[in-house]
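So the structure is just underneath, and the comments pick up after that.
The values are calculated or read from the model by the stated rules, or taken from the named source; none is laboratory data. Everything quoted here is computed from the prediction, not taken from an experiment. All Cβ positions, even for glycine, are placed from backbone atoms using ideal geometry, and neighbour counts span all protein chains on display.
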């Protein structure tokens, strides 16, 4: 399982699904999913073949599709379930911001990234919180909190005169404070630090909810498998009529 998790962590993160579901061609599966039940209701009593009597000889016309519409509908069903699960489960941070440039376009106050970090930390796993603390410690963006606060006050943004702060707790119960915007000794904002905090939140959010990402991948694989059968049917029927 650890190998599978590592593969997903590296290649199938939430932003990969976000980009995939934005491919316009795939929207046709959504249309097909909606169209087929309606069409099937209207056409349920239509015969598969109709015969037109002419002066010379009757002509038979087949109304069957050159592929299995049922299988294509199943493919669209898997895709729709995966899409719905993505919209419900993908972290809002990933759906909202495609990059740090997107974040900057919102013209947030320098304090805002602390609130985004707080939202992430509230629902994050313990190992994710620890990784976030370790990375910000390495970057020198958080400080050890000598005065511990109660558990219920952790991860709550506190507005101060020049900064907004949140307190987080590591696995060994040590508490650390993140204050944004990060200021130098002259109270000047260190703008690069905001990008550093953003990307740490982004990376950990995109790597979250492993089992949901695995379920979405499975549904998309089943959708592709079903669609491949339909595509092969279409190619076979086309080739049969073209070369006979």
Sole residue being in contact (Cβ under 8 Å) with a residue 60 or more places away in the chain and either more than 20 Å from the chain's Cα centre (by Cα) or assigned to a loop (DSSP other than H, G, I, E, B) (or both), chosen from 113, 149
113
Could you tell me which of the residues 83, 77, 65, 121 is at pLDDT below 80 and surrounded by 11 or more Cβ atoms within 10 Å (Cβ to Cβ)?
65
